[in-house]
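Since every read-out is calculated from the coordinates, none of them should be taken as a lab result. Quantities reported herein were computed from a predicted structural model and do not represent experimental measurements. Counting neighbours? That spans all protein chains shown, and the Cβs are built from the backbone with ideal geometry, glycine included.
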Amino acid sequence: MRKIAILGSTGSIGTQTLEVVRENGDIKVSALAAGNNITLLEKQIREFLPETAAVWSEERAAKLRENVSDLDVNIVSGMEGLMEVAAMQGTEMVVTAIVGMIGIRPTIAAIQAGKDIALANKETLVTAGHIIMPLAEECGVRILPVDSEHSAIFQSLQGGQEKALHKILLTASGGPFRGKKREDLLNIQPEDALKHPNWEMGRKITIDSSTLVNKGLEVIEAKWLFNVDIDQIQVVVQPQSIIHSMVEYVDGAIIAELGTPDMKLPIQYALYYPERRYLPGERLDFQSLSHMTFEKPDMDTFYGLRLAFEAGREGGSLPTVFNAANELAVSKFLDRKIKYLEIPEIIETCMREHRNILNPSVEEILETEREVYEQIESRW
């Protein structure tokens with residue numbers, strides 16, 4: 001029986017991963033890690049009986065220990081707890097479903113311990129791809145993408161023709177504000193931006209999808225996952241979210257992965273790769289499919305995407321600035337402390353004022369994040 005650990009088990013990807021585990025019945029969840037939602041985590045512990053569970057706060061960890069004292073489970077906390085879960089002996093794969101740069105150190109710990117990575121924590125590659133990918137190769141570890149778009153690219157490359165890859169066509173739904181101009185976005189509130197037309201996701205990633213910053217993060221992630229230049233990636237708006245992404249080969253042939261919008265498909269594909277298994281759910285019906293449309297992304301209105309291409313092209317510590325500025329800006333928007341259109345403004349300001357570090361260490365990446373946070377807090 002395959003053993004996995006899940007970092008971020010109470011979030012959207014984590015809970016759907018557990019649904020896949022539940023439906024298949026032949027995977028052992030050896031460890032779970034969550035932020036601070038100990039109510040849901042306790043339910044998960046009681047159902048899946050992991051050996052270890054981690055929460056960020058030691059205070060909540062103490063409460064959880066009390067709540068599950070009738071079970072044989074080790075409760076740990078903090079970054080040390082996350083890294084313990086990630087590197088736990090006997091686990092074969094770690095699903096990295098936590099949000100943010102907090103995922104860098106546990107991912108490194110998992111790779112160094114020889115675990116395959118089912119990657120849903122895009123910030124790890126965005127900010128530290130130059131560290132993660134060579135380390136994975138050195139340790140003989142597979143990085144299997146869980147994001148719908150990157151899974152689609154990965155599946156489209158299964159013919160073994162990576163050397164013949166010419167271009168990646170990364171699709172985007174366009175989010176809830178597709179077709180809007182800046183004047184239409186002046187009074188956008190968090191509840192407006194949280195209404196994604198096709199996908200059910202966490203709050204932060206849903207806001208990112210509305211600004212197209214999420215697509216920008218995916219562009220940088222794809223650069224590292226598939227070893228391509230940033231200018232070999234083209235974003236295509238496909239509003240129906242039927243084509244999840246495509247690859248174009250040197251001879252002009254294009255291979256695409258299509259399906260209904262269901263995150264359990266890429267999750268299951270990563271967990272069982274290279275095996276394909278039956279997945280319950282709605283199927284794409286071409287007889288009732290009326291149309292598929294394609295558009296060019298509006299990188300003037302949603303210029304966070306343009307800034308992502310700039311950060312990915314420049315490299316170094318600039319993608320960290322892009323990511324960190326966005327994380328705090330989105331948090332402030334959700335707390336109603338800044339306006340919607342200030343999100344890309346903050347990102348651009350931080351990028352313009354940053355002195356780039358060409359090959360940053362993990363410590364320099366985290367220090368850059370701290371500096372960006374301090375800069376934003378002092379001015380917004």
Gap in Å between the Cα centre of the range 198-277 and the Cα centre of the range 1-59?
25 Å
By the gyration tensor of its Cα atoms, with a ≥ b ≥ c the square roots of the eigenvalues, what is the shape of the range 201-307: rounded for a/c under 1.5, prolate for a/b over b/c, or oblate?
rounded
If I take every Cα pair under 8 Å that is 6 or more residues apart in the chain, average their sequence separation and divide by the length, what percent do I get for the relative contact order?
15 percent
So if each residue of separation counts as 0.36 nm, and I subtract the Cα-Cα distance between Lys339 and Asn187, what length gain in nm does that give?
54.0 nm
Explain nothing, just the number: dipole magnitude of the chain about its Cα centre with +1 on each Lys and Arg Cβ and -1 on each Asp and Glu Cβ, in debye rounded to the nearest 20.
480 debye
Could you give the length gained by full extension between Asp251 and Leu49, i.e. 0.36 nm per residue of separation minus their alpha carbon distance, to one decimal place?
67.6 nm
Which far-off residues, 5 or more places away or on another chain, put their amide H under 5 Å from the one on Gly100, with H placed in the peptide plane?
Glu123
In this structure, among Lys204/Lys332; Lys204/Lys296; Lys167/Lys296, pairs with alpha-carbon gaps over 18 Å are Lys204/Lys296
Show me, for the range 145-154, the HN-Hα J-couplings you get by feeding each phi into the Karplus relation (A = 6.51, B = -1.76, C = 1.60, θ = phi - 60°), rounded to Hz, glycine and proline as x.
x, 10, 3, 4, 5, 6, 5, 4, 5, 4
What ranking do 76-83, 152-159 get when scored by the average of other Cβ atoms within 10 Å per residue, highest first?
152-159, 76-83
Which cross-chain or sequence-distant (5 or more) residues have an amide H under 5 Å from the amide H of Leu144, H modelled 1.01 Å from N in plane?
Ile117, Ala118, Leu119
Can you show me the helix-derived [θ] at 222 nm for the chain, built from DSSP H runs with n ≥ 4 at -39,500 (n - 2.57) apiece and divided by the number of residues, rounded to the nearest 500.
-14000 deg cm²/dmol
Short version: ³J(HN,Hα) in whole Hz for each residue of the range 41-50, in order, from phi by Karplus 6.51 cos²θ - 1.76 cosθ + 1.60 (θ = phi - 60°), x for Gly and Pro, what are they?
4, 4, 4, 5, 4, 5, 7, 9, 6, x
Out of the trypsin sites (Lys or Arg not before Pro) in the range 343-380, which ones are loop residues according to DSSP with at most 13 other C-beta atoms within 10 Å?
Arg355
Percent relative contact order of the range 50-106, based on C-alpha pairs within less than 8 angstrom and at least six residues apart?
36 percent
Dipole moment magnitude, nearest 20 debye, the range 315-380 about Cα centre, only Lys, Arg, Asp, Glu C-beta charged
300 debye
Order by protection proxy (mean Cβ within 10 Å, highest first), peptides 290-302, 121-133:
121-133, 290-302
Once you have a ≥ b ≥ c as the square roots of the Cα gyration tensor eigenvalues for the range 2-145, tell me rounded if a/c is under 1.5, and otherwise prolate or oblate according to whether a/b is larger than b/c.
prolate
Extension gain from Glu59 to Glu374, taking 0.36 nm per residue of separation minus the Cα-Cα distance
110.8 nm
Using θ = phi - 60° and the Karplus form 6.51 cos²θ - 1.76 cosθ + 1.60, what ³J(HN,Hα) does each residue of the range 175-185 get, whole Hz, x for Gly and Pro?
x, x, 10, 4, x, 7, 10, 4, 5, 7, 10
If amide hydrogens are placed 1.01 Å from N in the peptide plane, which non-local residues have theirs closer than 5 Å to the one on Ile233?
Ile168
What does the C-alpha gyration tensor say about the overall shape of the chain? Classify as rounded when a/c is under 1.5, otherwise prolate if a/b is larger than b/c, or oblate.
rounded
